[in-house]
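All remarks here apply to the structure that follows.
The values are calculated or read from the model by the stated rules, or taken from the named source; none is laboratory data. All values derive from a computational prediction rather than experimental measurement. Note that we place each Cβ from the backbone using ideal geometry, even for glycine, and neighbour counts take in every protein chain shown. Note: areas computed on protein heavy atoms with side chains; ligands, DNA, RNA excluded. Shrake-Rupley method; radii C 1.70, N 1.55, O 1.52, S 1.80 Å.
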Amino acid sequence: MDMIYAALLRGINVGGHNKVNMKELKEAFEQAGMSSVKTYINSGNIVFQDSREKAQVTVLLEQVILEQFALRIKVLVYSFDEYSRIAQAVPPEWANDKQLKSDVLFLWQQVDQQHVLEQLPLKPDIDRAVYVPGAVLWSVDREHVSKSGMAKIVGTTLYKQVTIRNVNTVRKIYELMRELEEQVAK
């Protein structure tokens, strides 16, 4: 039976580096046997169906990206249930707008534990952060972004074990997965 997955690619199309065309990426996923493939924005978000186990899909996609684009890119794959739990845990009032900056730090398995919050340079009076299995949800008032401790995460060992999406992107990926789930259910 086909599962619905979201694949999040780390570090593509950032600052002109690791350029990957989304149309070509979609085609590469299809050639690898994935179906109902949809990409969302240019930062490496792909929703698709596949019958293989998540671990197999992850290895296969990293290999496909290496072969097709000559890039060694880390890929995080979430099942519909896993991604749903993360997306639904984001407080509804958190936004990525003029008042708030709200992101989800998707975690590699090695750092996917409650105590990951202790490794983040959070400032309790400024940063809001919540751990959920698979991710850290983070939000800060826009006026305090420069005072947030999270700017210090860049370049750390932990930073290399996360891929970050803003909450608007997280919600849109969840919407695409739900639409695919509804199509499958019919």
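Miscellaneous remarks
- Apportionment of accessible area to carbon and sulfur, segment 1-145, percent (1.4 Å): 50 percent
- Pairwise label distance in nanometres, residue 88 with residue 55, each label 7 Å out on the Cα-Cβ vector: 2.7 nm
- Using only side-chain charges placed at the Cβ, +1 for Lys and Arg and -1 for Asp and Glu, the dipole size of the chain relative to its Cα centre rounds to 540 debye.
- Coil-residue GluC sites (Glu not before Pro) of segment 32-72, DSSP, other Cβ within 10 Å capped at 12: 53
- For the chain, the fraction of alpha-carbon pairs lying more than 25 Å apart is 34 percent, rounded to a whole number.
- Per-residue surface analysis assigns residue 81 an accessible area of about 90 Å², computed on protein heavy atoms at 1.4 Å probe radius.
- Surface exposure of the chain, expressed per residue as accessible area with a 1.4 Å probe, stands at 53 Å².
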